[in-house]
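Values in this text are rule-based calculations from the coordinates and carry no lab data. On a predicted model such as this, the values are computed, not experimentally measured, just so you know. Ideal geometry is used to build each Cβ from the backbone, glycine not excepted, and the neighbour counts take in all protein chains shown.
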Amino acid sequence: MSIASGRPILAMPGPTNIPDRVMQAMMRPAEELSSQSIVGLTESILIDLKRIFRTQGETFVYAANGHGGWEAALSNVLSRGDKVLVLASGRFAIGWGEMARFMGADTEVLAGSWRAAVDPAAVEARLRADTGHTIKAVMVVQVDTASGVVNDIPAIRAAIDAANHPALFMVDGVASVGCMRFEMDEWRIDVAMSASQKGLMSSPGLAVVAASPRALAAHALADMRTGYWDWTGRMNTIAYMKHCGTAPEHLLFGLRAAFDMIFEEGLEAVWQRHAILARATHAAVETWATGQVLGFSVPEPAQRSPSVTTILVEGFNAATITDFTRDVCGVSLGLGIGDYTGKAFRIAHMGHFSAATLLGTLGAVEIALQAKSVPHGSGGVAAAVAALSAAVA
Ligand SMILES: *Cc1c(COP(=O)(O)O)cnc(C)c1O
């Protein structure tokens, strides 16, 4: 029996639900690539990216997914043999570091946990020990989409400063930009990157990168640079060079509409909405967890991401729950990945997500728990409703 008719909900951490307005913005003929409309579109995206990243730095947009954004970020500031320090808190910084190694960097991972944020004191200690300043970049994710951890980026910045270390500070904001505070300039981030299909609620296919003046200085000396990703080429005033070829027109029109929606709601209001939805999700999970089968991946509430919640499942295959919500209720959750394969599922409350979308998602999980006889504390949805009511009262 399926009761899934109607629009499905993507409650997985990417891709996320694309608003109708964004889809409609893409439904148009292609245009001449040098038309004023396309040139102006690119310019407006690059300017508004500064508002999204909160920077006066240079911004870039690539026809690529997040992995392409990783490569863009690395190749523009590093040289082969450079040492990079990767701050682990799950899967994603590790993946970025693996890419750096593949490109010729000497990747060192500062060990971390899937259950807690990066410890700024450990970062400071490691950087203090690097008296010769061989570490050229510190790489971290703001939100690890696998573990559900949110890292304290300003605290890590402070740790780098306390060690008086000159390494570039590189931050992956794929699962956090457009979901929570991200202050590139205030936190003195040198290279920031994100992608279109999570908090930015657009089609997969665009990566966005921003560079500080220090990153641009490093760029001048970097030998990992390649033609497509190269910032110098893209800083050319000729519009064609901004994309190193034909603009990904439809994706840009979609992203433009998504930016318009974000600015109309207000970037800070968007962050606040995510915080409220996360709190309601936590209330539901806390209630379910009293059944001793489900539990938070991240015990410390302040270290849980406002965009995705990872839930550990003891003694049941997590796919029992995610298969059910998808097939019977039309709700796609994320499965555990990496160390959590089969042992966790993830609820993304990210991007184009409302209280109603969240309650539908949490309701589908609760139906799955009951229908599949997974022990759980009852009343998770009611707890979420109470949390939402308190937040908007
Ligand atoms: C999704 C994600 C990526 C990778 O993005 P793709 O578009 O899948 O290549 C990188 N970092 C984080 C934190 C992510 O959540």
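Tell me the angle of helix 267-289 to the major Cα principal axis of the chain, expressed in degrees between 0 and 90 and rounded to the nearest ten.
40 degrees
What do the square roots of 5 times the Cα gyration tensor eigenvalues come to for segment 67-192, in whole Å, largest first, as semi-axes of the equivalent ellipsoid?
Values: eigenvalues 72, 59, 40 Å².
After diagonalising the Cα gyration tensor, the semi-axes are 19, 17, 14 Å.
Viscosity 0.890 mPa s, temperature 25 °C: give me the Stokes-Einstein translational D for segment 135-209 in µm²/s, with Rh taken as the Kirkwood radius over C-alpha pairs. Each step should come with its number before you reach the end.
Values: Rh = 12.8 Å.
Translational D for this selection: 191 µm²/s.
By count of other Cβ within 10 Å, fewest leading, how are 372, 343 ordered?
Values: 372 12, 343 17.
If I rank by nearby Cβ atoms, fewest first, I get 372, 343.
Report, to two decimal places, the Cα Rg of segment 9-115 normalised by 2.2 N^0.38 Å (N = number of residues).
Numbers: Rg = 18.1 Å, N = 107, 2.2 N^0.38 = 13.0 Å.
Against the empirical 2.2 N^0.38 Å value, I get 1.39 for segment 9-115.
Decide, for segment 227-353, between rounded, prolate and oblate: order the square roots of the alpha carbon gyration tensor eigenvalues as a ≥ b ≥ c, take rounded if a/c falls under 1.5, and otherwise choose prolate if a/b is larger than b/c, else oblate. Before the final figure, lay out each step's value.
On the way: a/c = 2.55, a/b = 2.03, b/c = 1.26.
Prolate, since a/c reaches 1.5 and a/b exceeds b/c.
Check the straight Cα-Cα distances from residue 198 and name the aspartates and glutamates below 14 Å, setting aside those fewer than 8 residues away within the same chain.
144, 172
Share of antiparallel DSSP beta bridges in the chain, in percent to the nearest 5?
Numbers: 24 of 45 bridges.
If I count the DSSP bridges inside the chain, around 55 percent turn out antiparallel.
Would you mind listing how long segment 279-323 runs along its three principal axes, going by Cα atoms, in whole Å with the largest first?
28, 20, 15 Å, listed from the longest principal axis down.
Sort 359, 252, 200 so the one with the fewest other Cβ atoms within 10 Å of its own Cβ comes first. Write down the numbers at each step before the final one.
Details: 359 17, 252 24, 200 28.
Ascending Cβ contact count within 10 Å gives the list 359, 252, 200.
So what's segment 87-126 giving for Rg/Rh, alpha carbon basis, Kirkwood Rh from the mean inverse pair distance?
1.00
How much length would be gained if the chain were fully extended between residue 34 and residue 67, taking 0.36 nm per residue of separation minus their Cα-Cα distance, in nm to one decimal?
On the way: separation 33, 0.36 × 33 = 11.88 nm, distance 2.80 nm.
So the chain would gain 9.1 nm between residue 34 and residue 67.
Which FRET efficiency, nearest 0.05, do residue 386 and residue 314 yield, Cβ-Cβ r, R0 35 Å? It would help to have the intermediate numbers written out before the result.
On the way: r = 26 Å, r/R0 = 0.74.
The calculated FRET efficiency here is 0.85.
Please give the Cα centre distance for segment 96-116 versus segment 24-64, rounded to the nearest Å.
With segment 96-116 and segment 24-64 each reduced to a Cα centre, they are spaced 31 Å.
Can you tell me the orientation of helix 249-265 relative to the chain, as the angle in degrees between its alpha-carbon axis and the longest Cα principal axis, to the nearest 10?
70 degrees
Looking at segment 11-144 only, what percent of DSSP beta bridges run antiparallel? Nearest 5 please. Can you show the working numbers first?
On the way: 0 of 9 bridges.
Of the beta bridges lying entirely in segment 11-144, close to 0 percent run antiparallel.
Check cross-link reach from residue 372 to the lysines: straight Cα distance under 24 Å, and skip same-chain residues fewer than eight apart.
343
Please arrange 109, 61 by counting, for each residue, the other beta carbons lying within 10 Å of its beta carbon, fewest first.
109, 61
Against the longest alpha carbon principal axis of the chain, how many degrees, from 0 to 90 and to the nearest 10, is the axis of helix 355-371 turned?
Helix 355-371 sits roughly 50 degrees off the main axis of the chain.
Given a Förster radius of 22 Å and the C-beta distance between residue 300 and residue 111 as r, what FRET efficiency does 1/(1 + (r/R0)^6) yield to the nearest 0.05? Don't skip to the answer; put the middle values down first.
Values: r = 18 Å, r/R0 = 0.82.
It comes out at approximately 0.75.
Find the percent of Cα-Cα distances in segment 3-54 that exceed 16 Å, and round it to a whole number.
Details: 885 of 1326 pairs.
Value for segment 3-54: 67 percent of Cα pairs lie more than 16 Å apart.
Could you work out how far apart the two model spin labels at residue 158 and residue 7 are, taking each label as a point 7 Å from the Cα in the direction of the beta carbon, and quote it in nm?
According to this spin-label approximation, the distance is 4.2 nm.
How big is the equivalent ellipsoid of the chain along its three axes, where each semi-axis is √(5λ) from the Cα gyration tensor, reported in whole Å from largest to smallest? Don't skip to the end; give the middle numbers.
On the way: eigenvalues 243, 144, 58 Å².
Rounded to whole Å, the semi-axes are 35, 27, 17.
In segment 207-288, if every C-alpha pair distance is counted and binned at 5 Å from zero, what percent goes to each bin?
Computed distribution, short to long bins: 3, 11, 13, 14, 13, 12, 12, 9, 6, 5, 2, 0.
Can you list the lysines whose alpha carbon sits under 26 Å from that of residue 83, skipping same-chain ones fewer than 8 residues off?
136
With 26 Å as the cut-off, how large is the P(r) tail for segment 31-263, expressed as percent of Cα-Cα pairs? Working shown, then result.
Details: 8771 of 27028 pairs.
When all Cα pairs of segment 31-263 are counted, 32 percent exceed 26 Å.
At 0.36 nm per residue, minus the direct Cα-Cα distance, what do residue 292 and residue 354 gain on full extension? Give it in nm, one decimal, please. Walk me through the intermediate numbers first.
Details: separation 62, 0.36 × 62 = 22.32 nm, distance 2.89 nm.
Roughly 19.4 nm would be gained on extension.
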